[in-house]
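Contents: one structure, followed by commentary.
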Amino acid sequence: MSNLFDHKGAVGKGYSQPQPLLAAHMITLPESLTRKNHARWPRLSEPEMVRHYTWLSKRNFGIDTGFYPLGSCTMKHNPRINEVIAQLPGIADVHPHQPEHHLQGLLSIFHEMQEMLEICSGMDQVTLQPVAGAQGEFTAVRCIQEYFRSRGETQRTKVIVPDSAHGTNPASAVMAGFEIVEIPSREDGRIDLDAIRAVVDNETAVMMITNPNTLGLFEPEIAQAAEIVHAAGGQMYYDGANFNAILGITSPGLMGFDAVHYNLHKTFSQPHGGGGPGSGPIGVKSHLAEFLPGPIVKKRPIKAGEEAHAIDDLWFGWYQPERSIGKVQQWHGNAGAVVRSWAFYRRFGKELRTMSQHAVLNANYLRHAIFREAKKAGVDDMFCDGAPTTVAKHEFTLSLQPAKEKYGISAMDVAKGLLDKGYMAPTVYFPLVVPECMMIEPTETESKEVLDEFAKNFVEVLQIDAETLRAAPITTPVRRVDEVYAARNLCLRHSFEEDEQ
Amino acid sequence: MTGARPVWHAPHRGEVITMVDQLPNLGREQEMLEEMGLSHIDELFNDIPLEVRMQGELPLRGPQSEEEIIADANRLLGSNVALGERVSFLGAGLYRNYIPAAVFAMISRGEFLTSYTPYQPEVSQGMLQAMWEFQTLLSELLGLPIANVSLYDGSSASAEALTCSVRVHNSKATQKNVVYVSQLTPPDKISVMRNYCQGAGIILMPLKHNLDGTIDLESAKEAAGSCGVYVEQPNPLGLLDGGITQLKEIIGDNTALIVGVQPVSLGIVEAPGIYGADIVVGEGQPLGSPITGGGPLYGIFACAKPYLRLMPGRIVGRSIDVDGQVAYCLTLSTREQHIRRHRATSNICTNETLIALMGAMHMALLGPEGLNQLAVRNMTACLLAKQKLSEIQTITIPHQFGHHFNEFVIELPGKARDCLNYLDSNGIIGGFDLNAWYPNQMNWLLITVTDQTKAEEIELLAAHLALWTSKAVMS
């Protein structure tokens, strides 16, 4: 079976259900409210369903399948203990509206995660509510917006983003009602202090930036950038997408940031699940804390009568910040992702620093190995660093522009060639400032052997002639997919009419 | 800079043991560094100015082994009261359900669990096809031609529906930048809507309800000419409102009818697309997802064709590969932030694909008859509970003659909060105190009943309510 809707059994019984508590005819809905036609859902038995999704899974590539060096996405191994813990009834089967004394264990985990994220980032208060990085960005700039409104600085309507920023930065700021001022990066891929000086004024609300930047390079002048923005009365926002590089080494707080979001699905191993769920907590300095969305967990010593429910003689309670912007998710955020990430944090504790060191070690080693293998094979003229540097952080960029010019081989061709070698392709064509860009992030969970092997295969792909490479991939479930056809001949659902023809 | 220091100092032996399962190169740093011509790992961080370096180690606890972590997880999470341990009537937007074992088994496959957004379609056909099938399942269920592959949750989906309605209708609207939202909508959801809407200058106006909980169709005429109208079916009081099926006619073609649904109800209740809904949103959770303390969940978003190019979220299209065989890929990406940046229709990037996949798997197992049966179980359980509680003299049911799905309101002779405390001390999670939503209602308790509720649990609730309310009347 190639399509779920090919299953047309006479009765749908993927699992049998108990009888209803009353007979169905007791329901007396008026005609206008009664459904007339069943949804044309397929009818599968359990074995058919299991085979369908097993077959689909085999047509999908995950970290479990192989090396996944997707830059900017931190595709590290997802420890399975996290999944076991997330299925415990104490998280899977609890309701956010249960009273505090039902949820002391969960609240203590929330509190521990708030504190840990505060320590790692040098921020004063964390909220776990935003459910994705982009929502974290949105929440933080909303808090900053309310902060300025509370000070009567309503003219601060502009958000500065470098041209190398993640697309979510400008999109989130616009959703909050800001205007975007994009500034060019320097030739070497770093922020240009003069470009910041040229645009900051009393209308500047925030500068949004990630460090290491999207080229995987640390911005050495970040503290000066923060000074310039602060001197103009603006705030500094840290996009935590690249946080995996710096835990225990530096922090947004030390760099001069006022607000930050974390991607628990990147740094703290919540599985990406084909695109989600994630979790995007934010942390802020104290002057912004009263604007955060609630609830936030606070702890206090127990009072008489609370012993039975308390954890370690502490009481954990929900707290609503006084001038909160309100909510960005109806409940308390993606609690299940927070719990998984807590299990990941517990594995490392203060050795999160070692984790980050290894993420950076692996990225630099892979960069070294790729250049080494390329030199050996005599193809080191086909690519260069996306930006000049001696060291990278957790990821690095290569430009395939030379290959394009000399041989007509694009970054996309190389990416598709790597698929044939059994790898997920690196991120391509981002950041936009690097021509024919390939962005490679190995993470700390890959062994030296995997990195060496990938470097060899990468170079082998470069040695394939352009025509053959343009036909890649050939070993994948389908070959190069026509995205233009998809957009011009929109087919966004199964057509039963087509079936009947 | 640190030349005097010895080479790379490995963590203590005990710590190595706990982390080595996640860091395969632990203990091999020197070998790798030497190959790069370096002698110390700090040299990889020379580009970080000293003034922004962290001093000393992180003031955090030491690492733990997997066995220690699970022990702590069991202790902490085990101290929570799970709904399944008690008799529970708490819902108010999230509903206890049963998820077939095959869903968990299939979702645990690493090819799904550990994949990223399918930007490389050639090696992501499994997830792409599963999401295309999800779009079809929802499209059929909701009666609309287009569905995306999920937003974060029901609240962000409803908020994005409002901003989408303004993008589509504002040019022709007589009430520019205005949307109407049912006054019964839970304040936490309205708060999310306000946050999403304020940046675009969108004004939320209340859509009035009658005393019996139904939409005030007379005042709904005021909403004609605005950009959109948001209502829920069943509404937050659990009522199925026939008036909602007439709403599209009242507000007209230039105003979007946005309906929030509990998807399981649609096994019995008419699909909103059939009675004119332009956008349907909702909390997908009852199909496929545990409650999980309120997240991750998945937000449903489906719409009619005029909204397609201005809608938020990821969409999968069916295409062909170079050999002409059927292949799937993400499409209409030019609406999205990674292409359109500040002109994107939404900032959403990470969504809830895996939870949506659980939803698709649950739907696939149910089939049309199974969904109908599930809806019947939910609705008859609710009917039975309403019957039993209506027999208690000291309780009134304000909307007794309405049709309820999952939940209904009871009015107590005392504060709902006190009643919940009493029930809690008797091992019953009694429902939701509606004072949290409606400040004037101190005595309203929202009782939620799902397919997981047993007849004897309803009896138990009734017995305790009879006892508490009779005492409350006396005092």
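On the principal axes of its alpha-carbon atoms, the stretch A:206-361 has extents of 54, 37, 30 Å, going from largest to smallest. Shape descriptor for the stretch A:1-140: Rg over Rh equals 1.08 (Cα atoms; Rh from the Kirkwood inverse mean 1/r). If one computes P(r) from the Cα atoms of the stretch B:116-259, what percent of pairs lie at distances over 27 Å? Roughly 27 percent, once rounded to a whole number. Debye-formula intensities of the stretch A:353-484, expressed as log10 I(q)/I(0) at q = 0.17 Å⁻¹, are -0.88 (one equal scatterer per alpha-carbon, no solvent).
Amide H contacts under 5 Å for B:ILE320: A:ASP482, A:ALA486, B:ALA327, restricted to partners 5 or more places along the chain or on a different chain, H placed in the peptide plane at 1.01 Å from N. Per residue of A:134-145, other chain Cβ atoms within 10 Å of the residue Cβ number 3 on average. Amide H contacts of B:TYR180: B:MET205, B:GLY228, B:VAL229, B:TYR230, each under 5 Å away and 5 or more positions distant or on a separate chain (H built 1.01 Å from N in the peptide plane; Pro and chain starts excluded).
Here the Karplus relation 6.51 cos²θ - 1.76 cosθ + 1.60, evaluated at θ = phi - 60°, turns the backbone of the stretch B:180-194 into coupling constants of 10, 10, 3, 5, 7, 3, x, x, 5, 6, 4, 4, 4, 4, 4 Hz, with x for every Gly and Pro.
Shape summary of the stretch B:369-474, radius of gyration then Dmax from alpha carbon positions: 13.6, 49 Å. Name the residue from A:ASN457, A:ALA387, A:VAL360 whose Cα lies farthest towards the positive end of the charge dipole of the stretch A:353-484, charges +1 on Cβ of Lys and Arg and -1 on Cβ of Asp and Glu. Positive-end residue among those listed: A:VAL360. Shape analysis of the stretch A:127-187 places it in the oblate category; the axes a ≥ b ≥ c from the Cα gyration tensor give an a/c of at least 1.5, with a/b not above b/c.
Take every DSSP beta bridge whose two residues both sit in the protein assembly as shown; close to 60 percent of them are antiparallel.
Summing Cβ point charges (Lys, Arg +1; Asp, Glu -1) relative to the Cα centre of the stretch B:101-363 gives a dipole of roughly 860 debye. Sorted ascending by nearby beta carbons within 10 Å, beginning with the fewest, A:LEU4, A:LEU29, B:LEU211 become B:LEU211, A:LEU29, A:LEU4.
For the pairs A:LYS299/B:LYS415; A:LYS266/A:LYS456; A:LYS299/A:LYS327; A:LYS327/B:LYS386; A:LYS76/A:LYS375, note any where the Cα-Cα span goes beyond 23 Å. From the list (A:LYS299/B:LYS415; A:LYS266/A:LYS456; A:LYS299/A:LYS327; A:LYS327/B:LYS386; A:LYS76/A:LYS375), the Cα-Cα distance tops 23 Å for A:LYS299/B:LYS415; A:LYS266/A:LYS456; A:LYS327/B:LYS386; A:LYS76/A:LYS375.
Taking the C-alpha atoms only, the angle from helix B:455-474 to the longest principal axis of chain B is near 70 degrees.
For B:ILE146, the residues whose amide H sits under 5 Å from its own are B:CYS303, ignoring neighbours fewer than 5 places away on the same chain, with H placed 1.01 Å from N.
Each of B:PRO296, B:PRO312, B:MET361 was placed along the dipole of the stretch B:270-391 (beta-carbon charges, centred on the mean Cα), and the one lying farthest toward the positive end is B:PRO312.
Using helices alone, I'd like the mean residue ellipticity at 222 nm for chain A: each DSSP H run of four-plus residues gives -39500 (n - 2.57), total over residue count, nearest 500. Each step should come with its number before you reach the end.
Values: 19 runs with 185 residues, N = 501.
Value at 222 nm, helices only: -10500 deg cm²/dmol.
Is there a simple number for the mean count of other chain Cβ atoms within 10 Å of the Cβ of residues in A:306-316, and what is it? Mind showing how you got there, number by number?
On the way: counts 0, 0, 1, 3, 1, 3, 2, 0, 0, 0, 0.
For peptide A:306-316, the averaged partner shielding equals 1.
How many times 2.2 N^0.38 Å is the alpha carbon radius of gyration of the protein assembly as shown?
Numbers: Rg = 27.8 Å, N = 976, 2.2 N^0.38 = 30.1 Å.
For the protein assembly as shown, the normalised Cα radius of gyration comes out at 0.92.
Residue by residue, the stretch A:485-498 carries 3J(HN,Hα) couplings of 4, 4, 6, 7, 10, 4, 9, 9, 7, 5, 9, 6, 5, 4 Hz when phi is fed to the Karplus relation 6.51 cos²θ - 1.76 cosθ + 1.60 (θ = phi - 60°); x denotes Gly or Pro. When the Cα positions of A:THR476, B:GLY84, B:LEU33 are compared along the charge dipole of the protein assembly as shown, B:GLY84 comes out farthest toward the positive end, with charges on each C-beta of Lys, Arg, Asp and Glu. The value given for the stretch B:101-363 is a Kirkwood hydrodynamic radius of 18.7 Å, derived from the mean inverse Cα-Cα separation. 3J(HN,Hα) couplings calculated from phi for the stretch A:344-352 with the Karplus curve 6.51 cos²θ - 1.76 cosθ + 1.60 (θ = phi - 60°) are, in sequence order, 5, 4, 4, 4, 9, x, 5, 7, 4 Hz; Gly and Pro show x.
Ratio of Rg to Rh for the stretch A:81-350, alpha carbon only, Kirkwood? Present the calculation step by step, with values, prior to reporting the outcome.
Details: Rg = 18.8 Å, Rh = 19.0 Å.
That ratio is 0.99, to two decimals.
Working from the alpha-carbon coordinates of chain B, get Rg over Rh, Rh being the Kirkwood radius. Reported Rg/Rh (Cα atoms, Kirkwood Rh): 1.05.
In chain A, what is the volume of the convex hull around the alpha carbon atoms, normalised per residue and reported in Å³? If you can, show how the numbers build up before the last one.
Numbers: hull volume 106.6 nm³, N = 501.
That works out to 213 Å³ per residue.
Ranked by the mean number of other Cβ atoms within 10 Å of their residues, highest first, the peptides B:136-143, A:227-234 fall in the order B:136-143, A:227-234.
Here the dipole of the protein assembly as shown is about 1360 debye; that uses its Cα centre as origin and unit charges on the Cβ of Lys and Arg (positive) and Asp and Glu (negative). Take each residue in B:94-104, count the other chain C-beta atoms within 10 Å of its C-beta, and the mean is 3.
Cα centroid separation, the stretch B:377-399 to the stretch A:237-310: 43 Å.
Helix-derived [θ] at 222 nm for chain B: sum -39500 (n - 2.57) over DSSP H runs of at least 4, divide by residue count, nearest 500?
Values: 14 runs with 165 residues, N = 475.
Helix-only estimate at 222 nm: -10500 deg cm²/dmol.
Read-outs throughout are calculated quantities, based only on the coordinates presented, and are distinct from any laboratory measurement. Since this is a predicted model, take the numbers as computed values, not measurements. Positions of Cβ are backbone-derived with ideal geometry, glycine not excepted, and every protein chain shown enters the neighbour counts.
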